[in-house]
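The values are calculated or read from the model by the stated rules, or taken from the named source; none is laboratory data. No experiment lies behind these values; they were computed from the predicted model shown. Cβ placement follows ideal geometry from the backbone for every residue including glycine, while neighbour counts extend to all protein chains displayed. Just so you know, the surface numbers come from the protein's heavy atoms only, side chains and all, with ligands and any DNA or RNA stripped out. Shrake-Rupley method; radii C 1.70, N 1.55, O 1.52, S 1.80 Å.
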Amino acid sequence: LFGVIQNQGRMGEGAADGNGQPYPEFVEALKTMGATELRYPGGSMGGMIFDWREAIGPIEDRVKTYARTRNPGQILNYGVDEMAQMAEACGMTLDLCINSHMLGVKEALQYLAYTTMEANDTPLAQLDPNNDLQYWANLRAHYGHEKPYEVTRVDIGNEEDGAAGWRN
């Protein structure tokens, strides 16, 4: 196992273009390194304040979110689907970081459904996003990625032992 961590803003710290497409040179660099797993999102933001629902859908429709207190915020323009496309382009699996500080089990299950569940033909309007996990798989397909992503690991939080972590 040799993994890479990628952040969710600034197009994955320069890994992708303005439309979220991976730069071929970046993909080749990761392949050359022999990385096998991509962890997303990177850093303590992933475990403390990242809401994956703010990082899906068309980039131009995403709202500004705050990475840290007193931070002016940023658009999560390297979101879940962009990150998964990078992993696929590099032949890597995914390690998802679940925000256990702000989000609960329900949101974690929705995130896993969005990334790992098979989509079906049920229209989104007939599904309840609060109570039907199928909604999230179908939403991923609606956004252009029919098949599930290859998720092999899930992290529950990150640096949760700090003053703001759930352990306190």
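Laid out as a table, the results:
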| item | result |
| --- | --- |
| Rough spin-label spacing in nm, given labels placed 7 Å along Cα→Cβ, for ASP61 and LEU124 | 0.5 |
| Accessible area per residue in Å² at 1.4 Å probe, computed on segment 60-155 | 52 |
| Nearby lysines by direct alpha-carbon distance to LYS106 (threshold 24 angstrom, same-chain neighbours under 8 apart not counted) | LYS64, LYS147 |
| Virtual spin-label span in nm between THR32 and TYR143, 7 Å along Cα→Cβ | 3.1 |
| Order of exposure, largest accessible area first, which applies to THR152, THR65 with probe 1.4 Å | THR152, THR65 |
| Portion, in percent, of the accessible area of segment 80-123 that falls on carbon or sulfur, probe 1.4 Å | 56 |
| Peptides ranked, highest mean first, by Cβ atoms within 10 Å: ranges 115-128, 73-86, 14-27 | 73-86, 14-27, 115-128 |
